[in-house]
Amino acid sequence: MPSKQAVIFTLGCRLNHADTALISNRLSEAGYLLAVDPPSPDLIVINSCAITAEAERKSRQLLRKLRREHPAAKIVVTGCAAELSPENFRESGADIVFANPDKKNFPAAKPCGRKSRDTGKDNFQENTVSVFPFRTRAFIKIQEGCDNFCSYCIVPYVRGASRSRKFAECIADCRHAVEAGFPEIVLTGVNTCNYLDDGKDLAALIREIAALPGDFRIRLSSTEPHPSNFIIPELMADPANRLCRFLHLSMQHGSDRILQAMNRKYTAGEFTTLVQNIRKLIPDIHIGTDFIVGFPGETDDDFQKMLEAANQIGFANIHAFAYSVRPGTPAASMPDQVPSAVTKERMKLLTAESQKLAANFALSQIGKDLPVIFEQEHNGILSGWSDNYLSVCVPAGSHKPGMIIKIAGNEKNLAGNLKNHHSGSML
């Protein structure tokens, strides 16, 4: 029986949650008992995020809070913010700081004394499986790093070059999750569509996972919008591949001028055509995106093009980010930085548009069968998610959690998605 207690706090993306699942198993194998909120933990791990300056600030803020609350605990910080500025975390109270490449050796790895970008391009093994003691979905890491070097993005500098997890190990990790009873497998990476190991691409990986026995479905995390990725919706159109009708395609902007300055590899028109072609194959697919507001040089006209693109494409959800200066990236030294007050006003407008579009998508699903996995019960309400990523709520006791169940969408069980719909009009 383990006598040492550990708790892990995860900030940021789905890939970070997948990394945490791998760390969790390594800690269990090292004799730690994982807990949600132990009163006196022996070990605290913070898996940090640095995608924005605010995310990095929150990571340090959490560290300081936990150091005050648990002065006797050993606190370890890893993740992207730790990779970017290890000295700041040591000064804020961390006992040990691990670089991203050392996660796979945790807890035996040596702490890093400086930033340590992983420049290797070789495919990798984690040499363990993922465990999810407190989750209802399994986030499986299949890919790491990025070669795109978008001008605003710190990820290539803290995650390294694009590389893929060994095919056999990905399948083994997914098999372990299915046998553990997880009804949804979420494939994660910095750019999952870059997956390639020994000639086997993402399509081959999906087909192999789908062939595993069990009642489960597969969801993809964020993917890059490129015409070569059209194989994914083609796979999605075949029920045998078990793929959720969901794609998160990061558009980032609606102005071609800004997209070029961002070093994105497409125009707004090409992105729109890609989405239109996807919807011809899968009419009820949930298409989500990311937009960056206030990128250097963004004019009112550029921002208006973003709003027009969002409306024309009809995204089911939009993650809106205010541009954040990341030292060391090309955009940090670009002229015409947008004043924060202007960015805040534009964020309000984009958020309002996002809420309207999300309600529009939910309305389009009323009267349709939605495969739902119910996850949580609270105050007499059972809630879960459809395969096309709508929140569905029904009375507690009406269905069993943890199973894929078809539910007819209606205004009552989709009410949480329709909060901006009033008397037939969108606000």
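So His226 clears everything in (1) crowded, with 21+ Cβ neighbours inside 10 Å; (2) within 19 Å of Ile318 (Cα to Cα) except one condition, right? Which one?
His226 satisfies every listed condition except (1).
Filtering segment 103-146 down to residues that are open to solvent by 70 Å² or more (accessible area, probe 1.4 Å) and either of a type in the set (A, V, I, L, M, F, W, C) or in a strand (DSSP E or B) (or both), which residue is modelled with the lowest pLDDT?
Ala108
Which ones in segment 64-99 are open to solvent by 20 Å² or more (accessible area, probe 1.4 Å) and under 22 Å from the mean Cα position of the chain (by Cα)?
Matches in segment 64-99: Leu84 only.
Please enumerate the residues belonging to segment 145-167 that are free of Cβ contacts under 8 Å to residues at least 60 places away in the same chain and in contact with a strand residue (DSSP E or B) (Cβ under 9 Å, 6 or more places away or on another chain).
Gly145, Ala161, Ser162, Arg163, Ser164, Arg165, Lys166, Phe167
Tell me yes or no: at least one residue of segment 379-390 is within 19 Å of Asn317 (Cα to Cα), open to solvent by 40 Å² or more (accessible area, probe 1.4 Å) and of a type in the set (Val, Ile, Thr).
Scanning segment 379-390, I find no residue that is within 19 Å of Asn317 (Cα to Cα), open to solvent by 40 Å² or more (accessible area, probe 1.4 Å) and of a type in the set (Val, Ile, Thr), so the answer is no.
Evaluate the following for Thr343: is it in a helix (DSSP H, G or I) and either in contact with a Lys or Arg (Cβ under 7 Å, 6 or more places away or on another chain) or modelled with pLDDT of 95 or more (or both)?
Here the answer is yes, as Thr343 does meet what is asked.
Across segment 164-199, which residue is most open to solvent (accessible area, probe 1.4 Å) among those that are under 30 Å from Glu375 (Cα atoms) and among the basic types (Lys, Arg)? First the steps, then the outcome.
Step one: list which residues in segment 164-199 are under 30 Å from Glu375 (Cα atoms), which gives 165, 167-193, 195.
Still in the list and also among the basic types (Lys, Arg): 165, 175.
Numbers: Arg165: 0, Arg175: 101 Å².
The qualifying residue most open to solvent (accessible area, probe 1.4 Å) is Arg175.
Is it the case, given these coordinates, that Lys280 is under 28 Å from Glu56 (Cα atoms), of a type in the set (D, E, K, R), open to solvent by 10 Å² or more (accessible area, probe 1.4 Å) and not in a loop (DSSP other than H, G, I, E, B)?
So Lys280 fails the test.
Pull out all pairs, ordered by first then second residue, where Cβ-Cβ is under 8 Å, the residues are six or more apart or on different chains, the first lies in segment 311-336 and is under 30 Å from Asp284 (Cβ atoms) and of a type in the set (Gly, Ala, Ser), and the second is in a loop (DSSP other than H, G, I, E, B) and at pLDDT 95 or above.
Qualifying pairs under 8 Å: Ala316/Asn388; Ala316/Tyr389.
In segment 305-331, what count of residues is obtained for those that are closer than 16 Å to Ala50 by Cα and of a type in the set (Val, Ile, Thr)?
2
When only residues in segment 283-293 that are without any contact (Cβ under 8 Å) to a residue 60 or more places away in the chain and more than 16 Å from Arg264 (Cβ to Cβ) count, which is surrounded by the fewest Cβ atoms within 10 Å (Cβ to Cβ)?
Pro283
Residue under question is Leu259, and the condition is that it be of a type in the set (A, V, I, L, M, F, W, C), within 18 Å of Leu205 (Cβ to Cβ) and either in a loop (DSSP other than H, G, I, E, B) or open to solvent by less than 10 Å² (accessible area, probe 1.4 Å) (or both); does it hold? Step through it out loud before you land on a result.
On the way: of a type in the set (A, V, I, L, M, F, W, C): yes; within 18 Å of Leu205 (Cβ to Cβ): no; either in a loop (DSSP other than H, G, I, E, B) or open to solvent by less than 10 Å² (accessible area, probe 1.4 Å) (or both): yes.
Considered against the rule, which asks whether it is of a type in the set (A, V, I, L, M, F, W, C), within 18 Å of Leu205 (Cβ to Cβ) and either in a loop (DSSP other than H, G, I, E, B) or open to solvent by less than 10 Å² (accessible area, probe 1.4 Å) (or both), Leu259 comes out as no.
Quick one: which helices (runs of 4 or more DSSP H) sit completely within segment 1-102 and have at least 3 residues that are in contact (Cβ under 8 Å) with a residue 40 or more places away in the chain?
14-29, 53-69, 80-84
Could you check segment 180-195 and list, in sequence order, the residues that are out of contact with any helix residue (DSSP H, G or I) (no Cβ under 8 Å at 6 or more places or on another chain) and touching a residue at least 60 places away in the same chain (Cβ under 8 Å)?
Gly181, Pro183, Glu184
Output yes when any residue across segment 395-418 is part of a loop (DSSP other than H, G, I, E, B), under 12 Å from Ala362 (Cβ atoms) and small (Gly, Ala, Ser), and no when none is.
yes
Being surrounded by 19 or more Cβ atoms within 10 Å (Cβ to Cβ) and closer than 12 Å to Phe9 by Cβ is the filter here; which residues of segment 49-63 pass it?
Of everything in segment 49-63, those that are surrounded by 19 or more Cβ atoms within 10 Å (Cβ to Cβ) and closer than 12 Å to Phe9 by Cβ turn out to be Cys49, Ser59, Leu63.
Can you pull out the residues in segment 284-306 that are closer than 30 Å to Asn388 by Cα and acidic (Asp, Glu)?
Asp284, Asp290
Can you name the residue in segment 147-161 that is open to solvent by 20 Å² or more (accessible area, probe 1.4 Å), assigned to a loop (DSSP other than H, G, I, E, B) and not acidic (Asp, Glu) and, of all such residues, is nearest to Glu375 (Cα to Cα)? Break it down into steps so the answer makes sense when it comes.
Of segment 147-161, the ones open to solvent by 20 Å² or more (accessible area, probe 1.4 Å) are 147-149, 152-153, 155, 157.
So of that shortlist, the ones also assigned to a loop (DSSP other than H, G, I, E, B) come out as 147-149, 152-153.
When the remaining residues are screened for being not acidic (Asp, Glu), the result is 148-149, 152-153.
Numbers: Asn148: 36, Phe149: 37, Tyr152: 36, Cys153: 34 Å.
So the residue we want is Cys153.
I'd like to verify a number: residues in segment 350-382 that are out of contact with any helix residue (DSSP H, G or I) (no Cβ under 8 Å at 6 or more places or on another chain) and either at negative phi or not in a loop (DSSP other than H, G, I, E, B) (or both), how many? Talk me through it step by step, then tell me what you get.
As a first pass, look at segment 350-382 and keep what is out of contact with any helix residue (DSSP H, G or I) (no Cβ under 8 Å at 6 or more places or on another chain): 351-352, 355-356, 360, 363-382.
Applying the additional criterion that residues be either at negative phi or not in a loop (DSSP other than H, G, I, E, B) (or both) yields 351-352, 355-356, 360, 363-366, 368-378, 381-382.
Selection size over segment 350-382: 22.
Please go through (1) open to solvent by less than 20 Å² (accessible area, probe 1.4 Å); (2) assigned to a strand (DSSP E or B); (3) of a type outside the set (Val, Ile, Thr) for Phe303 and return the number of the only condition it doesn't satisfy.
Exception for Phe303: condition (2).
The values are calculated or read from the model by the stated rules, or taken from the named source; none is laboratory data. Values in this document were obtained by computation on a predicted structure and should not be read as measured data. Heads up, the Cβs are rebuilt from the backbone with ideal geometry, glycines too, and the neighbour counts pull from every protein chain shown. All accessible areas refer to the heavy atoms of the entire protein, side chains included, with ligands and DNA or RNA removed. Shrake-Rupley method; radii C 1.70, N 1.55, O 1.52, S 1.80 Å.
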